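See structure below.
The values are calculated or read from the model by the stated rules, or taken from the named source; none is laboratory data. Bear in mind the structure is a predicted one, so any value in this text is a computation, not a measurement. Cβ: placed from backbone, ideal geometry, glycine included. Neighbour counts: every protein chain shown. Quick note on the areas: whole protein, heavy atoms, side chains included, nothing else; ligands and nucleic acids left out. Shrake-Rupley method; radii C 1.70, N 1.55, O 1.52, S 1.80 Å.
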Amino acid sequence: MSGPTPAAPAINVVIADDQATVREPLAMVLALAGDIQVVATAANGREAVEAVAENPVDVVLMDLRMPGMDGTEATRRLSRTHPNVAVVVLTTFADDDSIMAALSAGARGYLTKNAGREDIARAIRAAAAGQSVLDNEVRTRLLATVTGAQRSAPVRELPADLTPREREVLALIGQGLPNRAIAERLFISEATVKTHINNLFAKAHIRDRADAVRRAISAGLA
């Protein structure tokens, strides 16, 4: 007779926010989720990067506007040095520049601080599983940005010679996934993902990752 199924390991989280009145209550609330463990808190981006280096971390909840190193730069550094760690932005700012900068830096999710406890917990679980999460307000702004760009200067259609795999990669970029997560999703190496990205960027004349997100949304891939 088999014994009880072992519980899944907790998702280890770092909370980075310059306001203690946000960090501490959020840590207590997430602890109630049962499957989420806050292993460290940080008051700025540099502390967040250090916390990831010193602890086993799955997800960082990252504010954007913090003193010293901001959340966007911290996300960029973590994407480079700890690509297995998912960053979910949790901020009061939902302007186009902030959203695109965070996604370009490698954030896997973007929530505003209007998000409720369950929304944040779901986003953490999704990010830990390699999925992307954008709240409704952020997705609406991204779609509006694409629509506005199409009116003023139509977004180029994707070229016909993109391979099915290149389209898959573009779709996953559009969902906010970093290269490592794309590789895991498609069961290919990260080096192969980079090759596909280089090829599709060249074929489609895509400038950067933020432009790729816009193009994916415009093409209905994300």
Can you give the local net charge around N114? Use residues other than it whose beta-carbon is closer than 10 angstrom to its beta-carbon, Lys and Arg +1, Asp and Glu -1. -2
More than 31 angstrom separation, counting every C-alpha pair in the chain; what % is that? 22
Would you mind checking which residues have amide H under 5 Å from V60's amide H? H placed 1.01 Å from N; only 5 or more apart, or other chain. V14, A86, V87, V88
Just to confirm, what accessible area per residue do you get for the chain at 1.4 Å probe, in whole Å²? 49
Along its principal axes, what span do the Cα atoms of region 170-222 show, with the longest given first and each in whole Å? 26, 20, 14
Per the charge dipole of the chain (beta-carbon charges, Lys/Arg positive, Asp/Glu negative, Cα centre), the residue among A127, V52, P178 reaching farthest to the positive end is P178
Kirkwood Rh, region 10-133, all Cα pairs: how many Å? 13.7
So what's region 39-103 giving for Rg/Rh, alpha carbon basis, Kirkwood Rh from the mean inverse pair distance? 0.93
Leaving ligands, DNA and RNA out of it, report the carbon-plus-sulfur percent of the accessible area of the chain at a 1.4 Å probe. 51
Angle, helix 45-54 long axis vs. longest principal axis of the chain, Cα atoms, 0 to 90°, nearest 10? 70
Summing -39500 (n - 2.57) over every DSSP H run of at least 4 residues in the chain and dividing by its residue count gives a helix-only mean residue ellipticity at 222 nm, to the nearest 500 deg cm²/dmol, of -16000 deg cm²/dmol
